[in-house]
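Where a number appears in this text, it was derived from the coordinates with a stated rule and is not lab data. Quick caveat: nothing in here was measured; it's all calculated off a predicted structure. Counting neighbours? That spans all protein chains shown, and the Cβs are built from the backbone with ideal geometry, glycine included.
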Amino acid sequence: MTTNKNHTVIYTGVTSNLVNRIHQHKTKFNKGFTFKYNCDNLVYYKEFTNIIDAIKYEKTLKAGSRAKKRNS
C-alpha cells in the first residue's frame, strides 16, 4: 500500500518486485493512479509465496472500507 504525503489517498497493488515498483512510483514512471494522486510513500506490504494468494488478498482489501485498509 502506498499513500500520498497527506495520507488522504491509499493505493493497493500487487507486484513481484517491490523495490522496482516503489522506484516507479517515486519517479512517476507510469502516468496512472499513483501519478495522479502522488501515491509514492510505502506504508504497508505483505509478502506471499503464491501470486494467486496475493491477488486474493489485494481484492479483499480493495473491497473493504478505508478504515479496514488502515487496520490491516
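Couple of notes before you dig in:
- Extension reserve of the E47-V9 stretch, reckoned as 0.36 nm per residue once the Cα distance is removed: 11.5 nm
- Dipole-positive endmost among V43, A67, N30 within segment 5-72 (Cβ charges, Cα centre): A67
- Here's the picture: charge each Lys and Arg Cβ at +1 and each Asp and Glu Cβ at -1 in segment 2-70, and of N4, I52, V14 the one pushed furthest to the positive end of that dipole is N4.
- Cα gyration tensor shape for segment 2-70, rounded if a/c is under 1.5, else prolate or oblate: oblate
- The magnitude of the dipole of segment 2-70, with charges of +1 and -1 set on the Cβ of Lys/Arg and Asp/Glu and taken from the Cα centre, is near 300 debye.
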